[in-house]
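What follows is a single structure, written as C-alpha cells, with notes after it.
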C-alpha cells in the first residue's frame, strides 16, 4: 500500500517518492481478433482491458497500436493495485498522482546499464543529440493519459465504469462547444489536464560529411543497401523491413512499401546508388529470392530446429547495426534520423513542392510536413547572422568631400555623421 501523509486540507496525500510499482502481470501475444492482451500473474486475461482492446481493434487499429495500448494499461493496472483502488472506482486523484509518479520514476530495465550509464541524459558532441534518460519522457506521459482516458470513455459509454472520467480535460474557461455555431467547425475540446508540456523538437539531420562517416563504417553490402534506400526515400524502418523481392521495380527504380499508419501500399522513388547496393547485396546472398520472399535477411545462418538457415531481418537486428556504427564513431544516430535527413533534403529542393514531400513521407496532413520539416538550416542562419555582425562592426568609409567644401567645417555642421 502507498504511504500517506496529511495535506493542508486535512485530506490524506500519497507519498509519491516512496512508491514502487510491482512487477505484476505482463503483455502477451494472443490468438484471435485481439493480437495482444494483458494477463495477471496467474496468466488469466484481464477482462476489462481485453474488452476495450477488442473495441480498439474493431476501429481498425494496427497490432502495433494494440500492443502499445496494452502496455500503458498494464502500467495503470499496477498503479491501481498499489493504490488499493478498483479500476471502476478511480477518481481524478489517481491519474493526478500517477502523472506525478511518472515524472520522477525510473523506468524498469531487464538488465542494468553498463557502458552507457555515464551518458544518460547527456548530449553527444558530434550529433548534438541527447542520449535517452532513465525516466519517462513527456510524450510517454501524454500517451499514457490519452490511453487511460480512452479506456474510461469506453466503459462510461457502456454504463459500467465510473460516473465521471477520472482523466479530465482542461475546460479552457468553459464547457467545450457549449454555444457552437453550426456553420463553424467544432473547436478542440482542450488538452488533458495533467499532460506535461512537450518541447518542440527540431528534425535531426545527418550533414553530408557525417553521413559519409556513417556509410563508411558499415560492414556489409546489405547494411549499405538498406541505409542508402532509407536516406533516399525517407521510408520508416518498419516499412523497409517489410519490403519483399517483388516490391522492387528495377526499371523505374521504385520500392513499394506498406505505410505504417494507413496500411496502404505506395511506390517510392529510390536513388540509383541504392539499387546498386541492393544488387551487390543480393549477389552476396548467393541464392535467388522468391517473389513473395522478404528482401532483407540476416547474414549469418542459424539453426532454428530445421537446420542452418537465414532469418528475416528484424528491428532489433537493425538496431544492432547502428550500435556498431555508433560505437565506432562515438555517435548516437538512429534509423529515424535517416528519414529526417531525406525529408530535409527534399524540402530544400526548389524543384519539389511541399505537397511532393508530404506524399513521399506518407503524412496524412500537409500541416505535419510543414510544421516539422519546413525549417531553416541552423548552420546557415548562424553564418548569415555572423556576416551581419561583421558588417555592423566594420567602420564605414567616410564619404568624399566635394570640391570647394572644407571637410572640417562639414564635420562640425553634421556632427560627425558624414
Does region 106-128 include one or more residues that are on the phi < 0 side of the Ramachandran plot, surrounded by 16 or more Cβ atoms within 10 Å (Cβ to Cβ) and in contact with a helix residue (DSSP H, G or I) (Cβ under 8 Å, 6 or more places away or on another chain)? yes
Anything in region 9-30 that is assigned to a loop (DSSP other than H, G, I, E, B) and either at pLDDT 95 or above or within 21 Å of residue 101 (Cβ to Cβ) (or both)? List them, or say none. 9, 11, 15, 19, 20, 21, 22, 23, 24, 25
Can you confirm whether region 409-416 contains a residue that is surrounded by fewer than 13 Cβ atoms within 10 Å (Cβ to Cβ), out of contact with any helix residue (DSSP H, G or I) (no Cβ under 9 Å at 6 or more places or on another chain), modelled with pLDDT under 85 and in a loop (DSSP other than H, G, I, E, B)? yes
Hey, residue 96 hits all of (1) surrounded by fewer than 17 Cβ atoms within 10 Å (Cβ to Cβ); (2) under 23 Å from residue 46 (Cα atoms) but one; which does it fall short on? (2)
Condition check for residue 308: in contact with a strand residue (DSSP E or B) (Cβ under 9 Å, 6 or more places away or on another chain), farther than 28 Å from residue 250 by Cβ and either without any contact (Cβ under 8 Å) to a residue 24 or more places away in the chain or surrounded by fewer than 18 Cβ atoms within 10 Å (Cβ to Cβ) (or both): yes
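Of the residues 328, 343, 364, which single one is touching a residue at least 40 places away in the same chain (Cβ under 8 Å), surrounded by fewer than 15 Cβ atoms within 10 Å (Cβ to Cβ) and within 18 Å of the chain's Cα centre (by Cα)?
From the options 328, 343, 364, the qualifying one is 364.
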Within region 31-55, count every residue that is in contact with a helix residue (DSSP H, G or I) (Cβ under 7 Å, 6 or more places away or on another chain) and either at pLDDT below 95 or assigned to a loop (DSSP other than H, G, I, E, B) (or both). 4
For region 287-384, please list each of the helices (runs of 4 or more DSSP H) lying entirely inside it that holds at least 3 residues being touching a helix residue (DSSP H, G or I) at 6+ places or on another chain (Cβ under 9 Å) and at pLDDT 90 or above. 315-329, 335-347, 354-361
Of the residues that make up region 63-73, is at least one surrounded by fewer than 16 Cβ atoms within 10 Å (Cβ to Cβ), farther than 29 Å from residue 31 by Cα and either at pLDDT below 95 or touching a helix residue (DSSP H, G or I) at 6+ places or on another chain (Cβ under 9 Å) (or both)? no
Quick one: is residue 178 loosely packed, with under 15 Cβ neighbours inside 10 Å, at pLDDT below 90 and more than 30 Å from residue 339 (Cβ to Cβ)? yes
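The values are calculated or read from the model by the stated rules, or taken from the named source; none is laboratory data. Only a predicted model underlies this, so the values are computations on that prediction, with no experimental measurement involved. So basically every Cβ, Gly included, is an ideal-geometry build from the backbone, and we count neighbours across all protein chains shown.
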